[in-house]
Amino acid sequence: MLSESELIDGVLKGNRRALARLITLIEDEDLLASKVLAKLYKHTGKAHIIGITGPPGSGKSTIVTKLIPELRKKQKTIGIVCVDPSSPFSGGALLGDRIRMQEHTLDEAVYVRSMGTRGHLGGLARSTSDAVRAIDAFGKDVIIVETVGAGQAEVEIIEIAQTVIVTDVPGSGDDIQAIKAGIMEIADIFVVNKSDLPGADNKVMEINAMLELDSRQRDWTPPVILTDARSGDGIPELVEKIEQHIEFLKKSGLLNQKDLKRSRDELEDLMRDKLTRKLLEKLRDEPEYDDAIAKIAKRNEDPYTVAERLIAEFLVKYRE
Amino acid sequence: MGEKETLPHALKRWRDVIVKKVIGRFPERKEEFETVSGIPVKRLYTPADMEPIDYMKDIGFPGEFPFTRGVQPTMYRGRFWTMRQYSGFATAKETNERYRFLLEQGQTGLSVAFDLPTQIGYDSDHELAKGEVGKVGVAIDSLADMEILFDGIPLDKVSTSMTINSSAAVLLAMYIAVAEKQGVSMDKLRGTIQNDILKEYAARGTYIFPPGPSMRLITDTFKFCSENMPLFNSISISGYHIREAGSTAVQEVAFTLADGIAYVEAAIKAGLDVDSFASRLSFFFGSASEFFEEIAKFRAARRLWAKIMKERFGARDDNSSRMRFHTQTAGYTLTAQQPDNNVVRVTLQALQAVLGGTQSLHTNSRDEALSLPTEESVQIALRTQQIIAHETAVGDTVDPMAGSYFVEVLTAEIENRAMEYIKKIDEMGGAPAAIERGYIQSEIHNSAYDYQRRVDSGERIVVGVNEFTVDEEQRFDYLRVNPQAESEQVARLKDIRSKRDTFKVEASLDALREGAKGDANLVPIILDAVKVYATLGEICGVLRDVFGEYKAADIL
Amino acid sequence: MGSAKKIRVLLAKPGLDGHDRGVKVVARALRDAGMEVIYTGLRQTPEMIVRAAIDEAVSCIGLSILSGAHMALFPKVMELLKKEGATDILVVGGGIIPEDDLPELKKAGIAEIFGPGTSLDEIVEYIKANVKT
């Protein structure tokens, strides 16, 4: 087991094993992880974080694989996090995305990590954000997060990524789904992959039509790009759009806004977590707590009043 | 019973009275019985089950459409199946010795096993060949090795099957060149190249190039063989490996025939008339554990293919609908525990294939769950076939299982279920598309997982493994491949390279590169290259450059 | 199903062998037993295997090989792991590996070989019992 300082040093010096170990600690919710992340925090904020989401079979992994050499051409180093669903029954997972990125396995500039959602809903693992942060501190210029993309509530990616790419394929009938899920709203770039299949142009038109229905005033109109990831068609254009987007975010001040929002959200999440944990730890120790719950179940007391009371008591106790 | 009792009446009575009496005291071993493919198996089959079957239409006569009863009218009364033991290891010299042994022992055709570097287009000194040279088959780097391999073996008298796929065109060219040196023209050559890339993507894994160029190479060989080698099978559309990878019998038939459909379509698209090549398509199946399902499987496959060729592809020549196939007893059923038991398994599996009307047969050796077979073990495997042929008289009449109520029902069931799969695959756009989506792979994997779970739970018994085990396994002496084979081979390769005419080699490889970029038939160009001792790795290297390499997406 | 520690396993097929029935079935069984399985597919070199194992911080590597090339490839994997200082990873193997080769493989650091006839439960239990957490 590596110590706190070994982990911090290792990550900052580019030691892959240290980074990998740190991410495991993050996934395992080990207390050491937050200590290390706290110290690494000031070294983060440099990477361009790209999220890629979309239905299974739309070729996300293949697109990512093809993005790598394009980004490498521009001297960028890359981190990739692939998230796959964990089994709700066993808690285990088959993480098969890195297979598609084989050819880059031995490239020093590329780091790939596979993660299971471990019961977390929303398309990402709970620890994805912290894992991305670790890779940021490690020094990767671009970090790509590939999500599960079951097409439902993938909006979580927007909290981590600065540029969100939404993929789709011709002929898929999941337009209604997408609208419902809010996917259309989070996309900064649309990619219609497998452009060799019939209906590719129709799909592009559909997306553009849906964008027209979007009444919000946006300074950035999400482009719709046709790609054939297998052959590489459209990939240079995609990279161009990605770069344009981050430039736009910087110039427009949106990047700062996002950073502020993210920092606020994160701080409040952490505080909420800590508070709740402290509160419940305390309460669960007290037998009165179980009594109160029993009373609520019997309809002798109501949960609204009990909640008020317990919190008030807790706040008072804390002040002392 | 006064008047004659009707069958349905008697059946009901039998069930309600006789069976009921016994079942009360002696329940059956299972609630429900079904084959490994999931086909329900009834307690009893009677003429009533034959109602939907029309003898003339569905069963017919051997040698006649739909060939359910066999592809020739006389079958084994005329000639026994070819006894063709798959074999190859270490260097060409050692394999040549084994071939001569087998031919002396009465084997009637050769079957060449190549090592993985050869199958995947690498020379024996390639980085990725380390540790693999000569292990699963013979190492062939150039025509020089091929000459040694067939030294003393008259290619006008012996037919040779070569299990080679991605690099099939190269090995075919080498075979032709060796024959030429023996004075045998290619139109006299008998044999087969496996040449079935689709199953490599789906189940076997020795692919090199992506699907498009691979199909081009295959149709090039079809064309070349149809014009120059009328006695040679340009493909062995394989189900064996699909079965080995875990599929059921129904899936084995379905996916193999779906692959076959894809090849026929590709050839037609390449401009060939179906009747010009279809008669030289051959097939390859496994023979696994469940006796009657396997026999029915062979008959169902024959009938289904015949219908597909006639109705879907409009073949006019009967030969185009005639499914000839090779069978190998199922490797996955062999156990490392109590290896002698495997002799029994193989005997039954071989018998199934014979009763199913196979054209040629490979019987596994008892030690093949441990290693490549020893001479002693392969002899037993060969004798197994010889005993079946010469002592049991099962070959004295054609398709003896016909008319068995059970077997005919199973044959029809397998055909119908396989057809359902084929329809589904058609909807996906055919086998290549289905493979790209991972459909075929996941069906195979699901069956494999299901099988393993049943073995682990004890629901499916494997004698010696989860039942009837022994504590102390007997020490077994198995074959150790000559450990010097790799270094010997690498040395010889160096030697060949130093002695040949480099100019000619370069020129031939340039011609190949040009040909590959265009649409010339690559077989003659490859033939020119092998004759000047361009190596397999060099030839495939050029093709890798031009065609690219297949990237497996590995759907789990 | 919270974020309790998970056992992460890398399954790989080193060399040119293309028979993946076994490794895929094992992958699924390990997943069903609650492990996170990273399957790297066919045609892995020892370098690729070790790099992936380290980047993914796995606690177990499973090598599957049926081609007879294990004596060249398995020890190379162990050598590279040593070089990377990753000797705490449990390394097991499966496929067609003759008993006679076991002693040398074990000496090189392979913990166990699961040959034909091994049940999936046996493999699962072994890994659970022997990974270093």
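Observations, loosely collected:
- Looking only at residues of the range C:63-81 that are under 23 Å from C:Gly18 (Cβ atoms) and open to solvent by less than 10 Å² (accessible area, probe 1.4 Å), we find that the one that is nearest to the other protein chains (Cβ to nearest Cβ) is C:Ala69.
- Test: residue in the range B:192-208 that is over 21 Å from B:Ala245 (Cα atoms) and among the small types (Gly, Ala, Ser): no
- Being farther than 19 Å from B:Met229 by Cα and open to solvent by 20 Å² or more (accessible area, probe 1.4 Å) is a property that holds for B:Gly212.
- Remark: B:Val158 falls outside the filter, which requires a residue to be of a type outside the set (S, T, N, Q), open to solvent by 10 Å² or more (accessible area, probe 1.4 Å) and closer than 29 Å to B:Glu549 by Cβ.
- Residue check for B:Ser365: crowded, with 18+ Cβ neighbours inside 10 Å and either in a helix (DSSP H, G or I) or touching an Asp or Glu at 6+ places or on another chain (Cβ under 8 Å) (or both): no
- Residues that are in a loop (DSSP other than H, G, I, E, B) and open to solvent by less than 40 Å² (accessible area, probe 1.4 Å) within the range B:497-517 comprise just one, B:Arg500.
- The range B:476-503 residues that are aromatic (Phe, Trp, Tyr), paired with ones that are crowded, with 18+ Cβ neighbours inside 10 Å (beta carbon under 6 Å, 6 or more apart): B:Phe476/B:Pro339; B:Tyr478/B:Asp367; B:Tyr478/B:Leu370; B:Tyr478/B:Ser371
A quick yes/no check of all residues on (1) modelled with pLDDT under 95; (2) surrounded by fewer than 17 Cβ atoms within 10 Å (Cβ to Cβ):
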residue	(1), (2)
B:Thr6	yes, yes
B:Thr35	no, no
B:Leu44	no, yes
B:Tyr55	no, yes
B:Pro66	no, no
B:Met75	no, no
B:Phe80	no, no
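- Among the residues of the range B:235-254, those identified as within 17 Å of B:Tyr439 (Cβ to Cβ) and among the hydroxyl-bearing types (Ser, Thr, Tyr) are B:Ser247, B:Thr248.
- Qualifying positions in the range C:1-30 - at the interface with chain B (Cβ under 9 Å from one of its Cβ atoms), open to solvent by 10 Å² or more (accessible area, probe 1.4 Å) and either of a type in the set (Phe, Trp, Tyr) or without any contact (Cβ under 8 Å) to a residue 24 or more places away in the chain (or both): C:Arg21, C:Lys24, C:Arg28
- Residues in the range B:100-132 that are within 13 Å of chain C (Cβ to nearest Cβ) and at positive phi: 2 in all.
- Per this entry, B:Ala552 is counted among residues that are open to solvent by less than 50 Å² (accessible area, probe 1.4 Å) and either basic (Lys, Arg) or assigned to a loop (DSSP other than H, G, I, E, B) (or both).
- Among the conditions (1) within 12 Å of chain C (Cβ to nearest Cβ); (2) open to solvent by 40 Å² or more (accessible area, probe 1.4 Å); (3) at pLDDT below 95, the only one that B:Gln452 does not satisfy is (3).
- Residue within the range B:523-537 that is within 12 Å of another protein chain (Cβ to nearest Cβ), among the hydroxyl-bearing types (Ser, Thr, Tyr) and closer than 30 Å to B:Ser371 by Cβ present: no
- Of the residues making up the range C:98-119, those that are closer than 22 Å to C:Ile49 by Cβ and either assigned to a helix (DSSP H, G or I) or in contact with a Gly (Cβ under 6 Å, 6 or more places away or on another chain) (or both) are C:Asp101, C:Leu102, C:Glu104, C:Leu105, C:Lys106, C:Lys107, C:Ala108, C:Ile110, C:Ile113, C:Phe114.
- For A:Ser58, the conditions (1) under 18 Å from A:Met115 (Cβ atoms); (2) crowded, with 22+ Cβ neighbours inside 10 Å; (3) not basic (Lys, Arg) all hold with the exception of (1).
- Only one entry of A:Ala33, A:Ala20, A:Ala93 meets the criterion of being within 22 Å of A:Ala125 (Cβ to Cβ), surrounded by 19 or more Cβ atoms within 10 Å (Cβ to Cβ), within 14 Å of chain C (Cβ to nearest Cβ) and in contact with a Leu (Cβ under 7 Å, 6 or more places away or on another chain), and that entry is A:Ala33.
- Residues of the range B:518-541 that turn out to be part of a loop (DSSP other than H, G, I, E, B) and under 10 Å from B:Met174 (Cα atoms), as a count: 1
- Candidates are the residues of the range C:99-133 that are within 11 Å of chain B (Cβ to nearest Cβ) and aliphatic (A, V, I, L, M); the one that is farthest from B:Arg475 (Cα to Cα) is C:Val124.
- Criterion: modelled with pLDDT of 95 or more, in contact with a Leu (Cβ under 6 Å, 6 or more places away or on another chain), of a type in the set (Asp, Glu) and open to solvent by less than 10 Å² (accessible area, probe 1.4 Å) - qualifying residue of B:Asp145, B:Asp115, B:Asp141: B:Asp141
- Answer residue from the range B:336-362, given it is part of a loop (DSSP other than H, G, I, E, B), more than 14 Å from chain C (Cβ to nearest Cβ) and on the phi < 0 side of the Ramachandran plot and is surrounded by the fewest Cβ atoms within 10 Å (Cβ to Cβ) among those: B:Asp340
- Helices (runs of 4 or more DSSP H) contained in the range A:1-86 and holding at least 1 residues closer than 25 Å to A:Val169 by Cα: A:60-73
- Restricting B:Ala179, B:Ala173 to residues that are modelled with pLDDT of 95 or more, buried (at least 24 other Cβ atoms within 10 Å of the Cβ) and in a helix (DSSP H, G or I) narrows the list to B:Ala173.
- Filtered residue count, the range A:113-135, keeping only those that are open to solvent by 10 Å² or more (accessible area, probe 1.4 Å) and not in a loop (DSSP other than H, G, I, E, B): 3
- Checking each residue of the range C:37-47 against the condition of being closer than 26 Å to A:Met1 by Cα, open to solvent by 20 Å² or more (accessible area, probe 1.4 Å), more than 9 Å from chain B (Cβ to nearest Cβ) and not in a helix (DSSP H, G or I) gives no match.
- Filtered residues of the range B:83-112 (kept if open to solvent by 20 Å² or more (accessible area, probe 1.4 Å) and touching a His at 6+ places or on another chain (Cβ under 8 Å)): B:Arg84, B:Tyr86
- Filter result for B:Val470 (open to solvent by 40 Å² or more (accessible area, probe 1.4 Å), of a type in the set (A, V, I, L, M) and within 13 Å of chain C (Cβ to nearest Cβ)): yes
- Strands (runs of 3 or more DSSP E) completely within the range B:220-335 that count 3 or more residues being surrounded by fewer than 24 Cβ atoms within 10 Å (Cβ to Cβ) and polar (S, T, N, Q): none
The values are calculated or read from the model by the stated rules, or taken from the named source; none is laboratory data. It should be emphasised that the depicted structure is a prediction, and the values quoted were computed from it without experimental measurement. Every residue, glycine as well, gets a Cβ built from its backbone with ideal geometry; the counts of neighbours run over all protein chains shown. With ligands, DNA and RNA removed, areas are computed over all heavy atoms of the protein, side chains included. Shrake-Rupley method; radii C 1.70, N 1.55, O 1.52, S 1.80 Å.
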